[in-house]
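Presented below is the structure to which this report refers.
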Ligand code: SF4
Ligand code: FES
């Protein structure tokens, strides 16, 4: 197999040691089938064991290996080195997030936002298991299925210029998941999600830039979910004004 | 659950309704009033403005796109760096749209 070399310009930040992030370059010889993550693992194993980054599945499923690759949010386990024409590839932590160390971002803010939309099925009453499953028609499944594919990789947050300006914005993935559960015919919890969605930092912060859907590795289309949430929320708002007694 | 926590659904509703009007009605209006009538393809007379339906149409045509502008402009300006003065900017933009709506209604009622 032919081998080429590339220079990876990796952002380093070691708390207590560096006052600001700096860039460090590593030369890596790579075979054709290597992805960016393979090169980082090569560096970690053979060149510099202090380099820190997250990864797990190596197959685009766990969502933990997101980084900025030449300025674009990518899953590094799906970004082949041979894709890049340049002699140098810049690897930086995901944009718009606080950095813990090197390429590791702090995602606790996102986890709080995710929790605020109760991304699970909420029911007023549960059927007894002996009564069988909650059946759905193919149409009912289609209504939410595309939004189930999210792996919480946060690429959409790094791509979103609004989140870059307003880090309190609940953001694309959390809203897409809110929509996913609201659209599920088995769910009865949309009222519990209402406040998080219908907030200045909820769906209304979005100006439909659409970059979230462009970068999503799972084709979730959060931008479409957010627009649907806006329409649904506006309709419900009109209903609540016209028929205030009908409010739940 | 208080569903009226924020007025943003209302502003966004007016924004999107205004967008629909701007995208669909204004081009038709330009063809009718800017081409068809001046070029004599269609008959036209000032009488038509006496009709309440025509006045209502003009009210919708003029007022809703003002809210589209107000929303888009205030969001764009705050994205371009005016975020710190977002509140007064929003008041100025939506306030202008409301003023425009009142003036439109006033003019249309007086023709
Ligand atoms: S919506 Fe897509 S880009 Fe955003 S976190 Fe989920 S999988 Fe990642
Ligand atoms: S390592 Fe799991 S998605 Fe990349």
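The values are calculated or read from the model by the stated rules, or taken from the named source; none is laboratory data. Just so we're clear, the structure is a prediction, and the values are computed from it rather than from any experiment. Note: ideal-geometry Cβ built from the backbone for every residue, glycine included; neighbour counts use all protein chains shown.
If you go through region A:1-39 and keep only what is within 26 Å of the chain's Cα centre (by Cα), surrounded by 13 or more Cβ atoms within 10 Å (Cβ to Cβ) and free of Cβ contacts under 8 Å to residues at least 60 places away in the same chain, you end up with A:34, A:35, A:36, A:37, A:38, A:39. Annotation for region A:139-147: no member residue is in a loop (DSSP other than H, G, I, E, B) and either at negative phi or in the same structural domain as residue A:25 (by TED's automatic domain parsing) (or both). Step by step: first the residues of region B:82-102, then only those that are under 12 Å from the mean Cα position of the chain (by Cα) and without any contact (Cβ under 8 Å) to a residue 24 or more places away in the chain, then the one that is surrounded by the most Cβ atoms within 10 Å (Cβ to Cβ). Which residue is that? Step by step, filter region B:82-102, then rank; the result is B:98. Take the conditions at pLDDT 90 or above and within 14 Å of chain A (Cβ to nearest Cβ) and apply them to residue B:24. Does it pass? In short, no. Among the conditions (1) at pLDDT 95 or above; (2) within 12 Å of another protein chain (Cβ to nearest Cβ), the only one that residue A:220 does not satisfy is (2). Within region A:134-172, can you find the residues that are touching a strand residue (DSSP E or B) at 6+ places or on another chain (Cβ under 7 Å) and at pLDDT below 95? Matches in region A:134-172: none.
If you go through region A:168-178 one residue at a time, do you hit one that is closer than 29 Å to residue B:79 by Cα and away from ligand 1 (no atom under 14 Å from the Cβ)? Break it down into steps so the answer makes sense when it comes.
Restricting attention to region A:168-178, the residues satisfying the condition of being closer than 29 Å to residue B:79 by Cα are A:168-178.
Keeping just the survivors that are away from ligand 1 (no atom under 14 Å from the Cβ) gives A:168.
Yes: region A:168-178 contains one or more residues that are closer than 29 Å to residue B:79 by Cα and away from ligand 1 (no atom under 14 Å from the Cβ).
Here residue B:79 meets each of (1) touching a residue at least 60 places away in the same chain (Cβ under 8 Å); (2) within 14 Å of another protein chain (Cβ to nearest Cβ) with one exception, condition (1).
Inside region A:82-98, residues that are surrounded by fewer than 20 Cβ atoms within 10 Å (Cβ to Cβ) and within 16 Å of ligand 2 (Cβ to nearest atom) make up a count of 1. With respect to the conditions (1) free of Cβ contacts under 8 Å to residues at least 40 places away in the same chain; (2) in a loop (DSSP other than H, G, I, E, B); (3) within 12 Å of chain B (Cβ to nearest Cβ), residue A:209 falls short on a single one, namely (1).
Within region A:152-161, does at least one residue satisfy the condition of being away from ligand 2 (no atom under 16 Å from the Cβ), over 12 Å from the mean Cα position of the chain (by Cα), outside any helix (DSSP H, G or I) and within 14 Å of chain B (Cβ to nearest Cβ)?
Restricting attention to region A:152-161, the residues satisfying the condition of being away from ligand 2 (no atom under 16 Å from the Cβ) are A:159-161.
When the remaining residues are screened for being over 12 Å from the mean Cα position of the chain (by Cα), the result is A:161.
Filter once more, so that each one left must be outside any helix (DSSP H, G or I): none.
Checked region A:152-161: no residue is away from ligand 2 (no atom under 16 Å from the Cβ), over 12 Å from the mean Cα position of the chain (by Cα), outside any helix (DSSP H, G or I) and within 14 Å of chain B (Cβ to nearest Cβ).
Which residues, taken from region A:47-68, are out of contact with any helix residue (DSSP H, G or I) (no Cβ under 6 Å at 6 or more places or on another chain) and either within 24 Å of residue A:160 (Cβ to Cβ) or within 13 Å of ligand 2 (Cβ to nearest atom) (or both)? Passing the criteria: A:54, A:56, A:57, A:58, A:59, A:60, A:61, A:62, A:63, A:64, A:67, A:68. The set of residues in region A:223-245 being within 14 Å of another protein chain (Cβ to nearest Cβ) and under 17 Å from the mean Cα position of the chain (by Cα) consists of A:226 alone.
Residue check: residue A:138 meets all listed conditions (1) away from every other protein chain (no Cβ under 14 Å); (2) closer than 18 Å to residue A:113 by Cβ; (3) surrounded by fewer than 19 Cβ atoms within 10 Å (Cβ to Cβ) but one, namely (2).
In summary, residue A:171 fulfils each of the numbered conditions (1) surrounded by 22 or more Cβ atoms within 10 Å (Cβ to Cβ); (2) on the phi < 0 side of the Ramachandran plot; (3) more than 16 Å from ligand 2 (Cβ to nearest atom) with the single exception of condition (2). Checking the stated criteria, residue A:74 turns out to be at pLDDT 95 or above, surrounded by 16 or more Cβ atoms within 10 Å (Cβ to Cβ), in a strand (DSSP E or B) and under 15 Å from the mean Cα position of the chain (by Cα).
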